[in-house]
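Colleague: I'd like to ask you about the structure that follows.
Quick note: the coordinates plus some simple rules give every number you see, no bench work behind them. A quick note: this is a predicted structure, and the numbers were derived from the prediction, not measured. No Cβ is skipped: glycine too gets one built from the backbone with ideal geometry, and neighbour counts run over all protein chains shown.
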């Protein structure tokens with residue numbers, strides 16, 4: 001249900017910390033549009049600038065250069081309490097001296113709502129996050145997951161144009177996190193509010209987002225749908241950061257992918273517009289291992305059993321390592337042992353040619 | 001847990017500690033006991049009496065000095081605590097240039113010997129042509145009360161998640177609403193204990209007050225000093241014991257409050 | 001308004017009252033005091049504002065004879081020396097009593113620890129003047145100690161200790177003992193006692209564990225405690241006045257005298273300034289070695 005109107009326009013934003021010689025460029029000309037009603041995720045390793053960007057939208061950090069616009073209106077010069085966006089903090093930041101309902105009512109009170117108008121909204125939000133019986137509790141009497149829900153209800157209560165979520169699930173344990181992922185997605189659908197979600201967890205990003213912006217070292221690496229990001233990584237960083245990837249150097253010639261002594265495969269490259277050396281990325285689940293079939297020649301260097309699947313680390317005959325995943329759908333039978341000579345075949349479209357061919361960055 | 005282990009019994013530690021506690025409390029106990037002594041010769045016990053307390057209550061000079069002490073302590077506490085709270089809020093934010101200088105300045109009244117502060121203040125007031133009186137005492141007390149009020153408030157702010165103030169701002173609370181609704185309620189124990197320390201320190205101060213008080217603004221400690229210099233009398237015992245009890249009550253109260261809040 | 005200027009303005013407004021108060025009524029008076037120490041005294045107190053003079057500092061070391069020649073006069077130096085000795089003595093004795101006391105408290109159970117610390121803090125916050133007076137009651141001839149000693153037959157005649165430097169030393173140790181115990185306790189409380197267990201495990205006896213592990217780890221507290229005793233002791237005024245008996249025993253009394261009977265303001269200012277310099281010197285050495293002042 002993604003509309004086409006742009007909710008937030010991030011227009012070549014830079015953030016510089018410090019001054020003069022020691023200045024650090026934490027964000028380097030970030031430009032992207034976040035559309036109305038979409039679940040948008042900023043994904044990247046810690047220190048990549050994603051939280052800084054989120055804090056700039058909320059108004060907790062100044063923009064060093066560039067501009068951020070909300071529905072066309074510049075946010076520059078607006079203090080946090082003057083911006084119609086709300087934040088769910090990483091540590092929740094619930095007011096410890098107020099009850100759950102007082103926490104949720106806080107933003108409405110500050111906006112000057114009458115007490116009689118506040119009550120039904122608070123009740124409605126409590127219902128929305130399934131905490132109706134907890135109105136009089138204090139934050140410290142709640143579990144982590146419940147606190148998380150209160151933080152959500154509190155941020156949703158004043159009906160913000162955009163909801164910002166800063167690593168909001170990272171404090172929860174795995175099981176609860178999975179539950180909350182579904183929950184967040186439901187809330188976003190039901191409220192129709194634009195969500196901007198910050199996370200370093202690629203799986204979380206793929207699960208929940210309509211679109212993802214991958215960031216690294218203050219730079220935007222790629223913006224796109226989860227499928228775009230996973231199947232068509234724009235560069236080596238994105239391919240490496242999202243999912244498992246083997247990087248191989250090959251030669252494209254006459255519709256063939258050649259790997260020296262390991263042999264060659266036919267027509268497996270997504271982008272084969274020009275011949276020559278190619279930096280290739282391939283997902284382990286798109287390769288197939290066999291002892292006697294066709295494919296690239298190699299030797300099994302290591303076998304890692306992981307329950308659902310087994311990963312084989314294969315040393316190809318030309319010296320390059322590559323990973324092959326085999327689903328254990330017919331029991332934990334092992335295809336090969338360490339030291340076995342094997343063949344590696346590829347599914348159609350398995351190899352993705354990276355932009356910076358020839359560079360090993 | 002550690003005490004039960006014989007490993008941890010260092011020789012001589014327990015007797016020295018006992019000696020220290022006796023040493024600290026013997027004079028206080030003796031003073032309080034002697035204040036109930038019926039005898040005119042202050043150190044010779046002859047019988048129980050409440051007379052000296054009644055005499056103290058009846059002494060206009062003492063009552064006037066007490067009133068001055070309370071006025072000054074209240075005034076200095078309110079001013080110092082407000083200033084210190086504001087300063088602590090600013091110092092708890094992002095680092096800034098000049099922060100070390102302000103820190104050093106806040107440490108100054110604690111560091112400089114009282115007699116030096118007293119002389120400097122006296123000379124300053126006289127050079128300004130101010131009449132020594134309640135105002136000069138109030139100013140001097142506010143100055144040395146600020147660090148005492150500041151330290152517990154700053155410590156409390158140290159333990160406060162800065163995200164809470166951000167969350168308030170995010171939920172449309174301006175700076176005053178954020179302070180009134182979020183920050184103040186959360187640092188209140190620190191503010192109260194700061195205020196209490198400021199009050200005790202002001203009430204107890206002698207040296208600085210002695211220099212800057214002039215004739216009209218005699219406080220209780222200054223008055224007691226005058227009495228002591230004239231000689232040891234049962235009235236001095238009684239008023240001193242009262243002074244002690246007030247301080248002890250305050251410390252106990254602040255301890256009790258600290259216990260309750262945490 | 002963007003955020004950074006907003007924060008800057010907010011910070012300035014919040015700091016203004018404290019900064020102005022301290023600058024105007026603490027820093028400025030100190031500077032004025034330094035200036036006045038370089039002026040000539042007026043006859044009945046006060047200073048001659050336009051007459052520069054180093055007399056106050058010369059007077060500290062020399063005596064001006066009738067024929068205007070200067071002869072060395074060690075009277076004031078002796079007072080400084082005595083102040084140093086008394087304050088130093090008090091520091092050493094409070095350390096000798098205070099460290100075992102802090103250790104004793106630190107080794108107790110949590111609940112007991114809190115109560116004992118309250119017991120140490122109460123004298124810390126009660127009126128020093130009154131507590132000093134209590135010692136007059138104890139130490140005077142015919143007082144509790146004197147009469148107990150004679151009753152036990154341990155002394156002939158009177159005790160004669162009040163109004164002597166000994167009485168001042170007793171008073172100092174008593175008054176400043178909490179200043180020593182509290183910081184040492186704080187550093188002991190923060191200590192990881194498993195380190196001491198490790199020392200025992202590695203074959204140290206109690207004495208070695210104390211000397212090689214506990215003492216070094218408690219050092220910041222010990223140094224802070226020594227400063228907190230030494231600084232107020234050396235500038236003390238009414239303890240020597242009451243227990244030492246009116247003679248110009250220590251710097252504090254000498255200073256007060258310049259504003260009382262002697263009426264020599266520049267000399268009083270100069271003495272205060274020298275005392276201040278002394279304290280700042282001690283603090284400077286301390287911060288050079290231990291980084292942060294004890295106020296923080």
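Colleague: Can you give the Kirkwood hydrodynamic radius for the protein assembly as shown, in Å, rounded to one decimal and based on Cα pairs?
Modeller: Across the protein assembly as shown, the inverse of the average 1/r is 33.8 Å.
Colleague: Follow-up question, since we're still on this one. Inside 10 Å of the C-beta atoms of A:87-95, what's the mean count of C-beta atoms belonging to other chains?
Modeller: Other-chain Cβ atoms within 10 Å of each residue's Cβ, averaged: 5.
Colleague: How high is the relative contact order of the stretch A:6-238? Use alpha-carbon pairs under 8 Å, at least six apart in sequence, and give a whole percent.
Modeller: 28
Colleague: Taking beta carbons within 10 Å but only from partner chains, what does the mean come to for residues C:140-150?
Modeller: Counting Cβ atoms of other protein chains within 10 Å of each residue's Cβ and averaging gives 2.
Colleague: Calculate the radius of gyration of the Cα atoms of the stretch A:1-144 to one decimal place, then report Dmax, the largest Cα-Cα distance, as a whole number, both in Å.
Modeller: Spelled out, the Cα radius of gyration and Dmax of the stretch A:1-144 are 18.2, 56 Å.
Colleague: Okay, next question. In what sequence, highest mean first, do A:67-74, A:283-290, C:234-241 appear when ranked by Cβ atoms within 10 angstrom?
Modeller: Put in order of decreasing packing, that is C:234-241, A:283-290, A:67-74.
Colleague: Find how much the distance from residue C:192 to residue C:114 grows on full extension, using 0.36 nm per residue of separation minus their present alpha carbon separation; answer in nm with one decimal.
Modeller: Extra length available between residue C:192 and residue C:114 comes to 26.2 nm.
Colleague: What number results when the radius of gyration of the stretch A:6-238, computed over Cα atoms, is divided by 2.2 N^0.38 Å?
Modeller: Relative to the 2.2 N^0.38 Å estimate, the stretch A:6-238 comes out at 1.02.
Colleague: Based solely on C-alpha atoms, express the radius of gyration and the Dmax of the stretch A:30-70 in angstrom.
Modeller: Final numbers for Rg and Dmax: 10.8, 28 Å.
Colleague: Classify the stretch A:224-346 as rounded, prolate or oblate from the Cα gyration tensor: take a ≥ b ≥ c as the square roots of its eigenvalues, call it rounded if a/c is under 1.5, otherwise prolate when a/b beats b/c and oblate if not.
Modeller: In terms of gyration-tensor shape, oblate.
Colleague: Right, another one. Using the per-residue mean of other Cβ atoms lying within 10 Å as a proxy for protection, in what order, highest first, do the peptides A:309-321, B:198-210, C:199-211 fall?
Modeller: Ranked from most to least packed, the peptides come out as B:198-210, A:309-321, C:199-211.
Colleague: Please say if chain C is rounded, prolate or oblate, where rounded means a/c under 1.5 for a ≥ b ≥ c the square roots of the C-alpha gyration tensor eigenvalues, and otherwise the choice is prolate for a/b larger than b/c and oblate otherwise?
Modeller: It is oblate, given that a/c is not under 1.5 and a/b is not larger than b/c.
Colleague: Rg and Dmax of chain B, Cα atoms, in Å?
Modeller: 22.7, 72
Colleague: Would you mind getting me the FRET efficiency between residue A:97 and residue B:155? Use the beta-carbon distance for r and R0 = 22 Å, nearest 0.05.
Modeller: 0.75
Colleague: Counting only DSSP beta bridges with both residues in chain A, tell me the antiparallel percent, nearest 5.
Modeller: Taking every DSSP beta bridge within chain A, about 75 percent pair in antiparallel fashion.
Colleague: Then there's this: Say each of residue A:191 and residue A:69 gets a label point 7 Å from the Cα, pointing the same way as Cα to Cβ; how far apart are those two points in nm?
Modeller: Each label point is offset 7 Å from its Cα along the Cβ direction, giving 2.6 nm.
Colleague: Moving on to the next point. Normalised by the residues of the stretch A:1-137, what does the relative contact order come to in percent, with Cα pairs under 8 Å and at least six apart?
Modeller: Computed over the stretch A:1-137, the figure is 21 percent.
Colleague: How crowded by other chains is C:104-113, given as the mean number of beta carbons from other chains within 10 Å of each beta carbon?
Modeller: That average works out to 4.
Colleague: Which residue fluctuates most in the GNM of chain B (Cα springs below 10 Å): B:178, B:218, B:77?
Modeller: Per the Cα network of chain B with a 10 Å cutoff, B:178 tops the list.
Colleague: Given the rule -39500 (n - 2.57) for each run of at least 4 DSSP H residues, summed and divided by the residues of the protein assembly as shown, what is its mean residue ellipticity at 222 nm, to the nearest 500 deg cm²/dmol?
Modeller: Only helices count here, giving -17000 deg cm²/dmol.
Colleague: Additional query: What shape does the stretch C:72-196 take by its C-alpha gyration tensor, where a ≥ b ≥ c are the square roots of the eigenvalues and a/c under 1.5 counts as rounded, a/b above b/c as prolate, and the rest as oblate?
Modeller: Oblate shape, in that a/c is at least 1.5 and b/c is the bigger or equal ratio.
Colleague: Please tell me the relative contact order of the stretch C:77-290 in percent, rounded to the nearest whole number, where contacts are Cα pairs under 8 Å and at least six residues apart.
Modeller: For the stretch C:77-290, the relative contact order is 27 percent.
Colleague: Just A:336, A:213, A:205 to compare: in a GNM of chain A, with alpha carbon springs under 10 Å, which one fluctuates most?
Modeller: Looking only at A:336, A:213, A:205, the biggest GNM fluctuation is shown by A:336.
Colleague: Separate question: Rounded to the nearest 0.05, what FRET efficiency do residue C:66 and residue B:176 give with R0 = 51 Å and r taken as the Cβ-Cβ distance? Could you check?
Modeller: After rounding, the FRET efficiency stands at 0.10.
Colleague: Taking the mean number of other Cβ atoms within 10 Å as a proxy for protection, how do you rank A:168-177, C:145-154, A:224-233 from highest to lowest?
Modeller: A:224-233, A:168-177, C:145-154
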